[in-house]
Structures are given as structure tokens and as C-alpha cells.
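The next block holds one structure in the form of C-alpha cells; read it before the comments.
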Amino acid sequence: MIARGRSALCLALCTLGLALLGDVSRAVPMDDQDYYLQEITNRDHYYSFPYPGEEFFPFTEQPGEEGPIRAAEREEQPGFKPSRKELKQKKNNKKGKPILEPPPDCPPLGLETLKITDFQLHASTAKRYGLGAHRGRLNIQAGVNENDFYDGAWCAGRNDPYQWIEVDARRLTKFTGVITQGRNSLWSSNWVTSYRVLVSNDSHAWTAVRNESGDLIFEGNSEKEIPVLNMLPVPLVARYIRINPRSWFQEGSICMRLEILGCPLPDPNNYYHRRNEMTTTDNLDFRHHNYKEMRQLMKTVNKMCPNITRIYNIGKSHQGLKLYAVEISDNPGEHEVGEPEFHYIAGAHGNEVLGRELILLLMQFMCQEYLAGNPRIVHLIQDTRIHLLPSVNPDGYDKAYKAVAVETRAIIAWMEKIPFVLGGNLQGGELVVAYPYDMVRSMWKTQDYTPTPDDHVFRWLAYSYASTHRLMTDARRRACHTEDFQKEDGTVNGASWHTVAGSINDFSYLHTNCFELSIYVGCDKYPHESELPEEWENNRESLIVFMEQVHRGIKGIVKDVHGKGIPNAVISVEGVNHDIRTGADGDYWRLLNPGEYVVGVKAEGYTAATKTCEVGYDMGATQCDFTISKTNLARIKEIMRKFGKQPLSLAARRLRQRARRWQRR
């Protein structure tokens with residue numbers, strides 16, 4: 001049984017490594033490479049751009065076309081770095097190193113992030129409803145059954161060169177590029193290999209993008225999942241943009257997912273502009289940070305707030321990069337008795353960068369607000385020890401190991417060392433909060449609601465984040481891909497969604513005192529920098545509210561009659577089959593919803609004790625201390641040890657008595 005238990009734990013830890021690290025990327029040499037580029041090198045990210053000095057083909061307006069279609073001046077603005085596929089070496093470079101070009105002028109319009117509504121997407125024909133224009137969004141995922149409602153692309157009803165999919169930007173927009181994918185499908189292979197781009201001001205008169213020889217034909221996809229970016233030769237100003245497939249995979253049909261790069265021109269009188277406009281008053285560093293920049297930002301925060309922050313590392317990645325965390329506390333560097341510990345982690349998947357940036361924004365925000373005297377943030381920092389780990393997987397995970405990955409071992413050691421009470425791991429690609437269990441009990445099912453004994457507590461914790469997010473519980477919001485989580489108010493039991501063996505949520509609940517949840521913070525895993533202020537506004541209140549939940553339930557200290565804390569004492573709640581243990585100083589925290597509970601404590605060598613503790617609705621854990629005394633046998637053992645003697649067992653005593661009687665004979 002012991003061997004079986006050890007093998008089961010090993011399996012759980014190994015699968016935790018895979019679940020925590022998720023999508024993996026091939027290892028690449030570190031010399032002269034940006035660490036952040038290493039993280040996404042296998043993704044072939046589609047935000048690439050023209051090269052410096054490259055000449056644009058002049059745009060020629062066709063005679064007789066109605067409406068002014070203007071060529072816009074090219075601007076130099078910051079943005080994404082190119083993928084490995086897009087890197088080129090510039091000649092005459094003395095050191096022979098690749099030169100990275102300036103980024104694209106304009107960000108995505110928002111097909112992937114749902115800023116573009118279904119009503120703004122139109123198509124010539126559709127094979128069926130589930131393959132309509134509303135499904136032609138970049139990176140959209142098909143349902144498991146690829147049914148009529150949730151399929152993985154727009155697919156034309158006919159295969160001919162007269163088909164098109166169109167985006168209505170609803171105002172004049174400077175269009176700069178198009179990103180395309182094929183159909184997301186397990187059962188079929190469909191993608192467009194070439195296409196034309198047309199623009200219009202009224203959706204009736206269309207002008208094709210041209211080069212010197214005529215209509216420009218853009219190279220499309222060569223398979224169905226890797227996004228391909230094509231920049232327009234000259235940025236064009238119009239309201240509508242249309243993609244017209246010209247050729248497609250010969251064994252498939254016309255199917256596309258896409259995103260449009262464009263800068264909407266300011267129009268304060270435009271209703272849609274006002275509705276979608278999102279600004280923030282927070283003075284934060286809204287940009288993507290590579291590994292070196294992330295480390296520098298941490299140092300900047302620490303320099304601004306040296307009295308409440310500390311930078312430390314929990315270990316190293318496979319390629320030797322340190323896994324840096326920032327601690328925020330009024331007494332950084334040590335655990336304070338009676339003060340709960342909380343953590344946020346992100347970056348477990350190399351291509352999910354929004355969580356990473358949100359954590360970096362959060363540490364800046366908390367430092368600034370503390371210095372400004374914001375009472376809510378000051379109170380939170382004074383009463384909580386907060387740990388922020390923005391990048392669990394800075395260099396990707398190159399293969400599955402027969403042992404637990406080094407990053408996962410570091411996380412496990414970190415969670416076993418620090419008595420975390422509550423934590424959230426930030427992920428991307430959806431808008432929902434998932435709570436354990438993440439693995440179904442039945443080996444024959446892939447989806448089945450599998451609650452923990454603390455299901456009501458987990459549901460409240462999940463709802464505390466989802467309900468304060470700007471979009472998660474909005475009934476008018478379109479689902480990111482196929483799942484509609486509105487019936488559970490933006491929350492979901494992990495196993496009822498899709499089973500995951502050895503997840504960090506299940507590991508935390510079963511092997512530590514920590515209640516851990518997975519928080520999916522946005523439909524787009526890799527939003528453009530221009531989207532970061534809005535994503536921050538979407539998540540800021542939720543990030544703070546969720547941290548505050550660490551103070552919900554009961555807390556206390558388990559002491560002996562001399563006032564000394566008793567470590568590793570077991571705290572149980574009547575009716576809830578899940579115990580926790582006290583820390584090294586005898587303190588504990590037990591998350592509970594409002595109500596009256598019979599709480600028990602037991603420790604080896606001590607008498608058990610129970611008491612009734614009431615949890616109120618106001619924020620702040622109820623104090624529930626215990627003083628327990630040693631058992632009679634424990635006291636006898638202690639006295640005899642003090643005088644150099646050991647208590648005899650009954651069997652040994654009988655043997656000695658028999659020996660004496662034998663000697664007397």
C-alpha cells in the first residue's frame with residue numbers, strides 16, 4: 001500500500017508538471033536571443049511586420065470607384081516582436097546579427113477579442129449556421145462534436161472565386177494588415193491558400209488592393225492552425241474590408257479564420273466608438289515585457305517601495321533562468337503569526353502572456369496606491385503577505401520528462417514551504433474561473449461535475465472574481481469559443497469542463513492548505529499592447545477582490561498550556577471531509593462561507609478539543625483559538641525522559657516479571 005501510494009503521488013506530481021507547464025516549445029540556443037522570443041518561438045506569432053527600407057507598392061485607385069479610399073502615411077509605433085519565421089538578417093550589419101524591424105502600425109480590430117460583434121461580420125454564403133461569418137474569428141475553437149452552433153471557421157457554401165467574408169469597422173479605419181488561419185477541426189482539413197483584399201466606404205463600391213501589375217494576390221495558409229500575416233502594401237482608410245479567397249487546399253474547401261489589423265480613426269460622435277472606448281487613469285507600464293524587462297520592472301517596483309516589497313526566486317527553469325517572485329507585505333521576508341499568505345502565478349503556458357502582464361501591472365498598482373495612502377490597499381498589505389510570480393515558464397518546456405519538470409518541482413517546493421491559504425493561477429484563452437476538482441472520478445468520462453468537500457467555498461471564491469470582472473458575468477457577452485459559462489455566472493467546475501489529471505488546483509487542495517483556482521482572464525491569450533489598458537480595467541477590481549477573500553472564514557492559533565504554538569495540529573470542520581494543519585508557529589486559516597461551524601483540533605500527544613465558531617458576512621476572519629493540554633501518557637513520557645528513564649510497555653513489564661519469578665525458583 002505504501003509503494004502504491006508513493007507511485008500514485010509520483011504520477012500526480014508528474015502529471016501536475018505537464019498540466020502546469022501546458023503547451024511546450026522546443027528548446028533553442030540562448031546566445032544573443034531575447035528570452036521572451038524564446039518563450040514564443042514555437043508559436044510563430046503572427047504580429048510581424050515589414051522591414052526597414054522596404055518599399056511599398058503604390059496603391060492605384062481604380063477609375064469609376066465611388067468614395068475616397070485614402071492611402072495613409074506610415075507611422076513608427078511600438079508593438080510586437082517578429083516570430084522566428086519572420087526574422088531576416090539585414091546586409092551590411094557589421095556584427096552579422098539579425099535586426100528587428102519596427103512593429104506594425106495598427107493593432108487588431110478585435111475579432112479574436114470579441115470587440116468586433118457578430119453583427120459586424122458578413123459573408124457571401126455559408127455552408128451552415130455553425131460555419132457562418134460569426135465563426136470566422138482568429139483562433140476560435142470548434143466544439144468537440146463540431147456541431148451546427150460551434151464550428152471552427154467560416155466556410156463558404158460554394159467553392160468558387162466569388163466568395164467573401166467582410167468586416168464592418170463601423171467607422172473610418174486605417175487598415176494595415178490581415179491575419180488568416182484555416183478551419184479548426186479534428187476531422188477535416190480546410191484552408192485558403194491565396195486571397196484578394198478589397199475595401200469600401202459604403203459596402204457597395206469596392207476597391208481591390210493592387211500592385212503595379214494589377215490586383216494583389218496575397219499568399220494564404222499552408223495548413224490549418226498556424227496564423228499567417230500579410231501587410232497591405234499601403235495602409236488604406238475605409239469603413240469596410242473584404243477578404244476574397246482565390247485558391248484553397250485542393251482536398252478541402254473555402255474555410256477561414258481571420259483578424260484585421262487597423263487603427264480606427266477618432267470620431268467622438270460615433271456611438272460605437274464611445275461604447276467601445278476604454279481608458280484608464282492608472283499610470284502603469286502598459287507594454288509587453290521580455291524576461292530582462294520583467295526583472296528590471298520588479299527592481300523598479302522594489303526601489304519605489306523598498307519597505308513593503310522583496311524580490312526573491314523560487315528556483316530555476318530548465319534553461320537556468322531564475323523564477324522571480326515579488327513579495328508585498330508590511331514586513332517582507334518573514335511569516336508573521338496570524339497573517340495569511342496569498343499568491344498569484346502566471347506564465348505556465350509560454351503563449352499566454354496576458355496573465356503575466358496583469359501580475360506586473362498589479363505589483364506596480366499596489367506600490368503606487370500604498371504610497372498614495374489608499375486605505376483599501378494599505379489595509380490589504382498590512383494584513384496579508386502577498387506573493388506575485390509572473391512567469392512560471394520563462395523558457396518553455398521542451399519535452400516530457402520521466403521525472404517532474406524543474407519548474408514544477410520549484411512550484412511544489414514553494415507551496416510546501418509557505419503556508420498559502422488562497423491562490424490563483426492566471427491563464428488565457430477564455431473568460432471563466434475554474435475551481436477543483438479538475439479530474440473526474442470515473443475513468444470512462446471526460447466531463448463530469450466533480451465537487452470537493454468545500455464545493456460551496458470554491459464556488460463563492462470563483463464568483464467573487466467573476467462577478468467583479470467587467471465582462472465575465474455580462475449576459476450580453478459573446479462566448480469566446482464554444483462554451484457559454486453564463487449559467488454558472490462565469491464560473492465552472494474544472495472536471496465538468498474538461499478533465500485534467502494532476503492539475504495545480506487539485507494538488508494544492510489535496511496536498512497543502514491552499515485553495516487554488518484557475519482564472520482565465522481573456523479570450524485572447526496574446527493581446528496587442530494597445531489592448532493592455534482595457535484588459536487591466538477588466539481585471540483590476542477582480543484581482544483585488546479575490547485577494548481580499550483570503551480573510552474569509554476562521555483563523556487562530558493552537559497553543560499548549562504554556563502558550564507555545566503547536567505545529568502540524570489537524571483542524572477539522574464537522575460535516576466537511578477536508579482537514580488542514582497548523583503552521584510552524586501553530587497558526588492556521590480555514591476558508592469558510594458565513595455560518596456556524598463545529599471546529600475540532602487534534603495533535604499527537606495532546607487531548608482533542610472542539611468549539612463552535614461563527615463566520616459572519618463582514619470581511620475579516622473570525623478568531624478561533626485553541627489551548628490544548630497533553631494527554632496523561634504524554635505527560636508521563638515527558639517526566640520520565642526528563643529524569644533519564646523510559647516508560648515500559650505492558651509486554652516488556654510482563655517479561656521482566658516472569659524473569660524475576662524464574663530466578664526465585
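Laid out as a table, the results:
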{"item": "Segment 130-139: number of residues that are farther than 11 Å from Ala156 by Cα and not polar (S, T, N, Q)", "result": "5"}
{"item": "Hits in segment 122-148 - residues which are touching a strand residue (DSSP E or B) at 6+ places or on another chain (Cβ under 6 Å), of a type in the set (A, V, I, L, M, F, W, C) and open to solvent by 10 Å² or more (accessible area, probe 1.4 Å)", "result": "Ala123, Ala133"}
{"item": "Residues located in segment 300-317, provided they are closer than 24 Å to Glu537 by Cα and of a type outside the set (A, V, I, L, M, F, W, C)", "result": "Thr300, Asn302, Thr309"}
{"item": "Selected residue [at pLDDT below 95 and either surrounded by fewer than 19 Cβ atoms within 10 Å (Cβ to Cβ) or acidic (Asp, Glu) (or both)] from Asp151, Asp168", "result": "Asp151"}
{"item": "Any hit, segment 229-247, residues being under 30 Å from Asn145 (Cβ atoms), of a type in the set (A, V, I, L, M), open to solvent by less than 10 Å² (accessible area, probe 1.4 Å) and in contact with a Phe, Trp or Tyr (Cβ under 6 Å, 6 or more places away or on another chain)", "result": "yes"}
{"item": "Matching option when the condition is open to solvent by less than 40 Å² (accessible area, probe 1.4 Å) and acidic (Asp, Glu), among Asp618, Asp585, Asp560", "result": "Asp560"}
{"item": "Residue in segment 374-393 that is touching a Leu at 6+ places or on another chain (Cβ under 9 Å), under 24 Å from Glu531 (Cα atoms) and modelled with pLDDT under 90 present", "result": "yes"}
{"item": "Test for Thr300: is it of a type in the set (Ser, Thr, Tyr), surrounded by fewer than 20 Cβ atoms within 10 Å (Cβ to Cβ), in contact with a helix residue (DSSP H, G or I) (Cβ under 9 Å, 6 or more places away or on another chain) and at pLDDT below 95", "result": "no"}
{"item": "Segment 407-447, subset in a loop (DSSP other than H, G, I, E, B) and within 24 Å of Asn568 (Cβ to Cβ), residue least open to solvent (accessible area, probe 1.4 Å)", "result": "Pro436"}
{"item": "Those strands (runs of 3 or more DSSP E) lying entirely in segment 302-381 with at least 1 residues without any contact (Cβ under 8 Å) to a residue 40 or more places away in the chain", "result": "309-316, 322-328"}
{"item": "Residues located in segment 486-508, provided they are in contact (Cβ under 8 Å) with a residue 60 or more places away in the chain, closer than 24 Å to Leu471 by Cβ and acidic (Asp, Glu)", "result": "none"}
{"item": "Count - residues of segment 132-163 that are more than 19 Å from Pro227 (Cα to Cα) and not basic (Lys, Arg)", "result": "16"}
{"item": "Some residue of segment 457-467 being part of a loop (DSSP other than H, G, I, E, B), open to solvent by less than 10 Å² (accessible area, probe 1.4 Å) and closer than 18 Å to Gly428 by Cα", "result": "no"}
{"item": "Residues of segment 443-471 classified as in contact with a Ser or Thr (Cβ under 9 Å, 6 or more places away or on another chain) and either among the hydroxyl-bearing types (Ser, Thr, Tyr) or without any contact (Cβ under 8 Å) to a residue 12 or more places away in the chain (or both), total", "result": "8"}
{"item": "Number of the exception - Tyr526 against (1) at pLDDT below 95; (2) aromatic (Phe, Trp, Tyr); (3) over 18 Å from His289 (Cβ atoms)", "result": "(3)"}
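Yes/no matrix, rows are residues, columns are (1) crowded, with 22+ Cβ neighbours inside 10 Å; (2) at pLDDT 95 or above; (3) not charged (D, E, K, R):
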site	(1), (2), (3)
Arg257	yes, yes, no
Asn270	no, no, yes
Asp285	no, no, no
Ile308	yes, yes, yes
Lys322	no, no, no
Val326	yes, yes, yes
His335	no, no, yes
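The values are calculated or read from the model by the stated rules, or taken from the named source; none is laboratory data. Since this is a predicted model, take the numbers as computed values, not measurements. Here Cβ is always computed from backbone atoms with ideal geometry, including for glycine, and neighbour counts include all displayed protein chains. Surface areas here come from the heavy atoms of the whole protein model, side chains and all, with no ligands, DNA or RNA. Shrake-Rupley method; radii C 1.70, N 1.55, O 1.52, S 1.80 Å.
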